[in-house]
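Asks: Here's a structure for you.
Bear in mind that the values in this text are calculations on the coordinates, not laboratory data. All values derive from a computational prediction rather than experimental measurement. As a convention, Cβ positions derive from the backbone with ideal geometry for all residues, glycine included, and neighbour counts pool all protein chains shown.
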Amino acid sequence: MIKPLIIDIAKSLLLARWRQTLVAAVGVTFGITMFITLLGFMNGLNDLLDGLILNRTAHIRLFNEIKPSTIQPIDLALRNDIHFINSIKPNGHGQEIDNNLAIIASLKKDSRVMGVTPKVTAQVFYNVGKVDITGVINGIDVEAENKLFHFQEYVSHGNYIDLKNIPNSIILGKAAADKMLANIGDMIQVTSPNGERQTLKVVGFFQSGLQELDKVQSYASLATTQKILGKSNSFITDIGVKLFDISKAPAMAKEFLKIYETDAEDIQTANAQFETGSNVRSIISYAVGVTLLIVAGFGIYNILNMMIYEKMDSIAILKATGFSGQDVKRIFITIALSIGLFGGLLGLVFGFLTSLAVDQIPFNTAALPTIKTFPVNYNPKFYIIGITFSLITTYFAGWLPARKASQIDPVDIIRGK
Amino acid sequence: MSKIILEAKDIEKSFHDPITIPILKKISFSINKGDFVSVIGKSGCGKSTLLYILSTMDTDYEGQLYIDQELMTGKKEKELARVRNEKIGFVFQFHYLLNEFSVLKNVMLPAIKLAKYSIQEIEHRAYEKLKILDIEKEALKKPNQLSGGQKQRVAIARALINDPFIIMGDEPTGNLDKKNSDIVFDIFTNLAETFKQTLLIVTHDNEFASKTQRIIEMSDGRILS
Ligand SMILES: Nc1ncnc2c1ncn2[C@@H]1O[C@H](COP(=O)(O)OP(=O)(O)OP(=O)(O)O)[C@@H](O)[C@H]1O
Ligand SMILES: [Mg+2]
């Protein structure tokens, strides 16, 4: 009985002053609209930039750093004696990951792992007439690479699957291709570190969005790359692991380091600066949204104060006829919250519409061939946060006036008449 | 002897603004069920101050106040609100009707707050009270569409809605002309005689007072008779 009565009274007080109420609600609407639009846009941008690196990067990379063995034969022979060895040199098989087939098989069985791609990297020279340009050829398992790291999205010209289907083919970085004046269908020559020359057919161009990368990186199939290096088909230098939960990468990298006796690097360590950028953008959007809401909060604070000032008599008689201070407080909190709810919901709608509009604005950049308009993220999370924020701000904006109303002494008012 | 509805024991009150001035001095009296009592006295002698204390709205006093044999002194704000809602009806010099609501709704509000009856029943009862005051025809109007006398009658209907033990009035006819004052006085007499309603009315109007069953005369913060 009490609840509907309080809502009833709140409603009629609101409607009696609907113009001011509307202005207060518009303030909230504006704040939430900006909040949703900014967050959507900033996060769209974050996703885009994350996509540049994070989507294409293995969550954990297993590889062999070239370094001398930490345990030298003499350590085993003279366990407790003191000895000195100067100028230790690395030895043996270099970058190859031993036993890689077994490692891949065991990784594939791990329930936390989404997928595994083997990789061979080869340092090469692209031979352009008399000039040699340094480059890196990544030998990849084309299908796995596409499935896990969206390889296809970054192949701007040509068909990515040709890499698998056409033997001795290569997809060049766009910037490298421009330097070499190479077109699709052309044959190019590369020289491997051991001096062997190889002729490869260009089947596509690759655009990562990072110009520096595109100047050196190219892609070929595993087999082609192994051939360039003159190695057998079990030669693997890198294993890329994609996880279901990226946040587990650092811990799992440590684990793999122990189990597989290779080096293991997690994505967070390798790309720490990207996370910082994302965080800064999020913080900016939250700060702007919250600031606007606080401004709107002052609007609500004002209208409630005014309402209370005007409705002193009503508050006094309500109290005289049996409404407690708490009831009066609830009435005004209800008023504040309904302004917040109404203004906030409207803000969500407008925010969504503005996001749609932003999503239509053309955004063409040579570095990002797949992006045509500004990126926007429509995560429902932002909408939930938005409405929660608006309710919280209006609650606090209403709290002081409501408390003031609840403390009005009816005797003072009635005596004044 | 009939039942005591309201009892004041040694009630004292002073204002401390800026120096302490005693306003009420050891006021003790009681009112029986069905009494129609008027309080008179010179302006500034403390009649309103006493009434606010008796109505539980003012809690800043010495002494004890009993309503329906129950000690009010020291009760919490919420409990006192409940007592006012259920047991006391008010009529002030000013009507204090809420212009946002219809006349009917104004009368219903304290009953909806009490929540003893369903909304339909409350509406029915509100009509009954308006009928007693002969303004049921105005039930659906807004208060600002009524005359001063009509407003005051609506305020009385509101005071009656929860069948209070006692109705307190602070110069309820103070703002009315002679004709309307007489109407209101007749209503009070009718309530006292027909419904055995207990009434405690502060007034300046000696003629009004002389027609009540009992007169409490105040002077300088004390009760003379
Ligand atoms: N808030 C206050 N602060 C200080 N003194 C006050 C206050 N309220 C009332 N008084 C004083 O208390 C005394 C009694 O006031 P009260 O209103 O009870 O008189 P009253 O008998 O109702 O007068 P009237 O017949 O004119 O209504 C007056 O002298 C008044 O000046
Ligand atoms: Mg007075």
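Asks: Restricting to bridges with both residues inside the range A:128-215, how much of the DSSP beta-bridge set is antiparallel, in percent to the nearest 5?
Replies: 65
Asks: Can you give me the relative contact order of the range B:1-85 as a percent, contacts being Cα pairs under 8 Å and 6 or more apart?
Replies: 34
Asks: Now a separate question. Taking every eigenvalue of the Cα gyration tensor of the range A:147-255, multiplying by 5 and rooting it, what semi-axes result, largest first, whole Å?
Replies: Three semi-axes, in Å: 26, 19, 13.
Asks: Treating only the Cα positions of the range A:197-306 as identical point scatterers, give the base-10 log of I(q)/I(0) from the Debye formula at each q in 0.15 Å⁻¹.
Replies: For the range A:197-306 at q = 0.15 Å⁻¹, log10 I(q)/I(0) is -0.98.
Asks: At B:Phe29 and A:Thr291, where each label point lies 7 Å from the Cα along Cα→Cβ, what is the point-to-point distance in nanometres?
Replies: About 6.6 nm, to one decimal.
Asks: Show the residues, 5+ positions off or on another chain, whose built amide H is closer than 5 Å to the amide H of B:Val91.
Replies: Placed amide hydrogens put B:Met168, B:Gly169, B:Asp170 under 5 Å from B:Val91.
Asks: Among B:Asn175, B:Ile187, B:Phe165, whose Cα lies farthest out toward the positive end of the dipole of the range B:162-225, if unit charges sit on the beta carbon of Lys, Arg (+1) and Asp, Glu (-1)?
Replies: Going by the charge dipole, the pick is B:Phe165.
Asks: Shifting gears a bit: Is any residue of the range A:238-261 close enough, with backbone N under 19 Å, to a label point placed 7 angstrom from the Cα of A:Asp75 along the Cα-Cβ axis, and if so, which?
Replies: A:257-261
Asks: Something else now. Using the crude model of +1 on Lys and Arg Cβ and -1 on Asp and Glu Cβ, and no other charge, please compute the dipole size for the range A:267-387 relative to its Cα centre, in debye to 20.
Replies: Its charge dipole is roughly 100 debye.
Asks: DSSP beta bridges in chain B, what fraction antiparallel, as a percent rounded to 5?
Replies: 50
Asks: Answer with one residue from A:Asn377, A:Val411, B:His204: the one whose Cα lies farthest towards the positive end of the charge dipole of the protein assembly as shown, charges on Cβ with Lys, Arg +1 and Asp, Glu -1.
Replies: My answer, from the dipole projection, is B:His204.
Asks: Here's a follow-up. Using only DSSP helix segments of four residues or longer, with each worth -39500 (n - 2.57), what per-residue ellipticity at 222 nm results for chain B after dividing by its residue count and rounding to 500?
Replies: -11000 deg cm²/dmol
Asks: With a cap of 14 neighbouring Cβ atoms within 10 Å, and only residues DSSP puts in a loop, list the chymotrypsin sites (Phe, Trp or Tyr not before Pro) found in the range B:180-225.
Replies: Answer by residue number: B:Phe195.
Asks: Could I ask something else about it? For the range A:206-275, which GluC sites (Glu not before Pro) are both in a DSSP coil and crowded by at most 16 other Cβ atoms within 10 Å?
Replies: A:Glu261
Asks: For the range B:87-225, what are the per-bin percents of Cα-Cα distances with bins 10 Å wide, up to the bin holding the maximum?
Replies: 12, 43, 33, 11, 2
Asks: Count the DSSP beta bridges whose two residues both fall in the protein assembly as shown, then state the antiparallel fraction as a percent rounded to the nearest 5.
Replies: The answer is about 65 percent antiparallel.
Asks: Continuing with this model, one more query. Taking Cα atoms, how many degrees apart are the long axis of helix A:249-260 and the longest axis of chain A, rounded to 10 and kept between 0 and 90?
Replies: In chain A, helix A:249-260 runs at an angle near 30 degrees to the longest axis.
Asks: Provide the per-residue ³J(HN,Hα) series for the range A:147-153, in order, calculated from phi with Karplus coefficients 6.51, -1.76, 1.60 and θ = phi - 60°, each as a whole number of Hz, with x at glycine and proline positions.
Replies: Those phi angles translate into 5, 8, 10, 6, 3, 3, 4 Hz.
Asks: Report Rg(Cα)/(2.2 N^0.38 Å) for the range A:267-417, keeping two decimals.
Replies: Expressed relative to 2.2 N^0.38 Å, the Cα Rg reads 1.54.
Asks: So how compact is the protein assembly as shown: Cα radius of gyration and Dmax in angstrom?
Replies: 43.1, 129
Asks: Between A:Ser232 and A:Asp132, what FRET efficiency follows from the Cβ-Cβ distance if R0 is 30 Å, with the result rounded to 0.05?
Replies: 0.65
Asks: Follow-up question, since we're still on this one. So, with +1 on the Cβ of K and R and -1 on the Cβ of D and E, and no other charges, what is the size of the charge dipole of chain A about its Cα centre, to the nearest 20 debye?
Replies: Using Cβ point charges on Lys, Arg, Asp and Glu, chain A gives about 1340 debye.
Asks: Based on the Kirkwood radius over alpha-carbon pairs, what value in µm²/s does the Stokes-Einstein equation return for the translational diffusion coefficient of the range A:81-160 at 20 °C and 1.002 mPa s?
Replies: My calculation gives 128 µm²/s for D.
Asks: With a bin width of 5 angstrom, please list the P(r) values of the range A:334-417 as percents of all Cα-Cα pairs, from the 0 bin to the one holding the largest distance.
Replies: Calculated P(r), rounded to whole percents: 3, 13, 14, 13, 11, 10, 9, 7, 6, 5, 3, 3, 2, 1, 1, 0.
Asks: When chain B is treated as a GNM, springs tying every alpha-carbon pair under 10 Å, which of B:Ile88, B:Ile167, B:Ile112 comes out with the largest mean-square fluctuation?
Replies: Sorting by GNM fluctuation, first place goes to B:Ile112.
Asks: Then there is this: Determine the calculated [θ] at 222 nm for chain A from helices alone, applying -39500 (n - 2.57) to every DSSP H run no shorter than 4 residues and normalising by the residue count; nearest 500 deg cm²/dmol.
Replies: Roughly -18000 deg cm²/dmol at 222 nm, from the helical runs in chain A.
Asks: Using Cα-Cα distances under 8 Å and only pairs 6 or more residues apart, what relative contact order does chain B have, in percent?
Replies: 30
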